[in-house]
Each structure stands twice: as C-alpha cells, then as structure tokens.
Amino acid sequence: MSSFCEDRVVIVTGAGRGIGREHALMLAAHGAKVVVNDLGGARDGAGADAGPAEEVASEIRAAGGEAVANTDDVSDFAAAKRMIDQAVDEFGRLDAVVNNAGILRDRMLVNMDEAEWDAVIQVHLKGTFAPSRHAAAYWRERSKAGESVDARIINTSSVSGIYGNPGQTNYGAAKMGIAGFTIIAARELGRYGVTVNAVAPGALTRMTEDLGSGGELSEEELARRSPRWIAPIVTWLASADSRDVTGRVFEASGRMLAVAEGWHRGPTIEPVDDPTKIGPIARELVKSARLNAGMNGKDMDGGLD
Ligand code: NAP
C-alpha cells in the first residue's frame, strides 16, 4: 500500500458503484481512511439498500485498508451532517469530501416533469451543498481554533453541464451549477486552508450504460472507458500535494486529463439604451466572440470526443 494519502480521512459519496467506488478503492490503496457513502438505490434514485457501501468498505478492509460504510442520503441536510460527524468520530478528523453521488432522469425539456427536475437538482446540487456546508463549518472551526487545516472539497461536474448536452436540462443545470459552486466555494474557503476543485468525468458505468453501445465494445475500448481513470486525479486532489490548486474543473477519462476553462468576458462595447439599434451591434459582438464549446469541449458544436 502506498503512503501518498496516509492519515488523510476522506468521505466519498455515491461510492458503492461506478466512479465513486473507484475513488474509494484508490484512495484506500494510497493509505487514506475512507467513509464509503452510498444510498443503495436504483439508477433513477428510487429505493435504498445498505449493500453497496458496505461491500466497498469490506473490500477495502480485506485489502488491509481502513473504511466504514455510510448509507445516508447526501441531499438530506441533517443526514449530511451525520456523515461528517461519522468521519470525525470514526477516524478522529476529516480531510476531504468527494461529492460524487448522482442520478439521471433524462428527458427533453418539453416532456420533463416537475419530479424529474426536482430529483436531479436535489441529489446533485443539494447533495453537493449539504456535505460541503457541514465540512466547511468543521474546517473553519478547526482553523479558528489555531489548527493547521489542509482540506479538500472535490466535486463532480460534467461536460453535459459545462458544454451542454441536449436532453439533460435538469442534469446539465445541476452540473453547471456545481462548476459555479466550486469556483465560489474555492474563493470563500481558501482562507481556512480548504481547496475546492471539481472533476468532469467520462466513463462507462450504470449511469451511462444505456447511452452508448456498451455490449459491442472491444476489450481495449472497455478498458479506456473504465471508471478507474477518474480516480488518479481525485486521489491527487485529496492528497496534501494538491494544496496549491483550487477553483478548477478537470475533465478526466481514459482518453484525457484536461482543465476546463471557465466563462470569460468576450467582446465588449459601451452600453446601448435603444433596443431598436441593438440588433446589428449585438450580432457584431456575437460574430467577434468565441463560439460556445460543443460537447467535444472545442469551439464548435461537435459530438462526444
Ligand atoms: P453510478 O454508477 O450510478 O453511481 C452513482 C452513485 O451515486 C451510486 O452508487 C448511487 O448509489 C449514488 N447515489 C445516488 N443518489 C444518492 C444519494 N442521494 N445519496 C448517496 N448516494 C447516492 O454513476 P457514475 O457514472 O459512477 O456517476 C458518478 C458521478 O459522476 C455522478 O455525479 C455523475 O453525474 C458523474 N458523471 C458521470 C459520468 C459518466 O460518464 N459516468 C459523466 C459525467 C458525470 P445507489 O445507486 O446505490 O443509491
């Protein structure tokens, strides 16, 4: 076992399956003590089952690591506090929270119902806010008590949000919101010794298995789409070594590791107070501005890279 994350206590949400499971296993393999959170529901968020979190925690312990399971709903404010308290009670401290839990309820906007919107916003956005909020309060308290804090929040965004994938206004809005949350929380929490970054992953998991042709992929392609490719950057971000990097969104998959660049002000002119005169001026501004990125992350509307 490596000592890269030795003595780091890390919570990984949604770690019973997919990408979060790989985060938990790799963090533990590098010496971190892990709280493995997972609700144990169906892909659309329905139901709950203690199995997945406990299975991953047992797997870590069987390999000689330290882990405990937690089956709280990350989007429940009081439950999220219990999860932070559990890490401190079990391991004496908390160093990083990896907000990874997520669900999908894809639908074109014209057909999306209120429950589909609410569920996705609740799990992703509130499920990022609630653990982060309680962890931040814990770290601020430590910092104000004169302790040296070197802590991390690592969120999970998506190219669906930051670049814009049709059929996912709910999910994309949440994931773009998480990117914004990351930048703002980074600016707020730096003074307490806390960095805040995000990953925008790409992998074949239960969440994405219906979206592509999983059954027809070669061994090589399956290996490239493995969720394990996201874990190295997350493990590094959780380590003490990453303390100088904050407010960034990293795209990570078996194809690439990249930094997604945020919004910047483009071409600018003096304000115009007559709406009838704005047309040609606004068109000229748009013409001289960079195009929004497509789903390939470049200045065009492309497919998935
Ligand atoms: P996954 O295999 O479905 O895993 C998501 C995990 O989140 C599940 O283990 C699920 O637990 C857990 N979860 C859901 N709601 C929860 C809640 N309220 N409280 C606690 N845990 C909860 O999907 P994945 O692909 O690994 O996704 C992980 C993250 O990456 C998500 O945030 C997703 O949006 C993001 N992402 C994935 C991709 C991709 O290509 N796979 C791309 C972009 C972003 P149960 O099902 O056991 O309840």
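Summary table
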item	result
Most mobile listed residue (LEU257, LEU125, LEU25) in the chain, GNM with C-alpha springs under 10 Å	LEU257
Phi to ³J(HN,Hα) by Karplus 6.51 cos²θ - 1.76 cosθ + 1.60 over the stretch 98-115, Hz, x for Gly, Pro	9, 8, 10, 4, x, 9, 10, 9, 5, 6, 4, 3, 4, 10, 5, 9, 4, 5
With eigenvalues of the C-alpha gyration tensor scaled by 5 and rooted, the stretch 1-156, Å	27, 19, 12
Total formal charge among the other residues, if their Cβ is under 12 angstrom from that of HIS134, Lys/Arg +1 and Asp/Glu -1	0
For the stretch 100-240, size of Cβ-based charge dipole, Lys and Arg +1, Asp and Glu -1, in debye	720
Options VAL34, GLY20, ALA260, ranked by Cα towards positive dipole end of the stretch 9-260, top entry (Cβ charges)	ALA260
Electrostatic dipole magnitude of the chain [Cβ: Lys, Arg +1; Asp, Glu -1; Cα centre; debye, to 20]	800
Dipole magnitude (debye, nearest 20) for the stretch 1-130, charges at Cβ of Lys, Arg, Asp, Glu	260
Sum of -39500 (n - 2.57) over DSSP H runs of 4+, divided by residues of the chain (222 nm, nearest 500)	-11500 deg cm²/dmol
Quarter of the Cα convex hull surface for the chain, i.e. its orientation-mean projected area (nm²)	18.6
Computed over the stretch 185-291, Cα set: Rg, Dmax in Å	20.9, 61
Compactness index (Cα Rg / 2.2 N^0.38 Å), the stretch 265-305	1.53
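Values quoted throughout were computed directly from the atomic coordinates according to the rules given, and no laboratory measurement underlies them. From a predicted model like this one, the values you see are computed outputs, not experimental measurements. Glycine gets a Cβ as well: all are built from the backbone with ideal geometry, and neighbour counts include every protein chain shown.
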